[in-house]
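Reading through the structure tokens given below for one structure.
The values are calculated or read from the model by the stated rules, or taken from the named source; none is laboratory data. What you are looking at is a predicted structure, and each value in this text was computed from that prediction instead of being measured. Heads up, the Cβs are rebuilt from the backbone with ideal geometry, glycines too, and the neighbour counts pull from every protein chain shown. For the accessible areas, the whole protein counts, side chains as well, though only heavy atoms, and no ligand, DNA or RNA atoms are used. Shrake-Rupley method; radii C 1.70, N 1.55, O 1.52, S 1.80 Å.
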Amino acid sequence: KKRQQAISIIDHTGEGVVLTNAKARIELVNRAFLATTGYSEGELLGQKPGILYSKHRQRQAFRQMWKTLRETDHWSGEIWNRRKDGEIFHQWLNISAIYNEQGQLINYVGIFSDISAIKRAEAELHHQAHHDVLTGLPNRALLDDHLHHAIHSAYRNHESCALLFVDLDG
């Protein structure tokens, strides 16, 4: 009965869940995983999670993720993956290693949340903060950011920088 309850909980949670074997082959996915990625269960079982690979994922970061997972049995962070239709999406992913009673690695479990909407909202807020609402042109806040960066960069590199101001309204 407890096993059925656990399966029901996994299947009805809002986060995507994937269970792989020790060789990282997919053994189980829940409804949220299927809904988010657009794949069917049959397309995923036996595959590696790399089926969702996005070119936005940096190889070095991916290697670091596996290194951390092997050393600490847990990793969490933000990654970019690809839905079946090719759309890139942001996810916050937690991966944990699962061991049997003899201490042998038997599974990895990954639980993720699709944070694409949050990332879009952040990008929109950033754009609104640094661009004029009517014209879409950069505003003083963006100028200040760029100028601040240029001055610090010049200082660090022992270089000079200049600012040319042109008053357009006379």
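The set of residues in segment 35-49 being open to solvent by 40 Å² or more (accessible area, probe 1.4 Å) and either touching a Leu at 6+ places or on another chain (Cβ under 8 Å) or at negative phi (or both) consists of Ala35, Ser40, Glu41, Gly42, Glu43, Leu45, Gln47, Lys48, Pro49. In segment 1-27, what residues are open to solvent by 60 Å² or more (accessible area, probe 1.4 Å) and under 23 Å from the mean Cα position of the chain (by Cα)? Listed by number, the residues that qualify are Ile10, His12, Gly14, Glu15, Lys23, Arg25, Glu27.
For segment 116-144, filtering for residues that are part of a helix (DSSP H, G or I) and open to solvent by 80 Å² or more (accessible area, probe 1.4 Å) leaves 11. Flag: Thr68 does not match the condition of being among the hydroxyl-bearing types (Ser, Thr, Tyr) and either on the phi > 0 side of the Ramachandran plot or in contact with a Gly (Cβ under 7 Å, 6 or more places away or on another chain) (or both). Scanning segment 1-35 for residues that are at pLDDT 95 or above and of a type in the set (S, T, N, Q) yields a total of 3.
Restricting Ser54, Ser113, Ser96 to those that are touching a strand residue (DSSP E or B) at 6+ places or on another chain (Cβ under 6 Å) and open to solvent by 40 Å² or more (accessible area, probe 1.4 Å) reduces the list to Ser113. Checking the stated criteria, Trp80 turns out not to satisfy the condition of being assigned to a strand (DSSP E or B), open to solvent by 90 Å² or more (accessible area, probe 1.4 Å) and at negative phi.
Does segment 151-161 include one or more residues that are in a loop (DSSP other than H, G, I, E, B), under 29 Å from the mean Cα position of the chain (by Cα) and surrounded by 12 or more Cβ atoms within 10 Å (Cβ to Cβ)? No.
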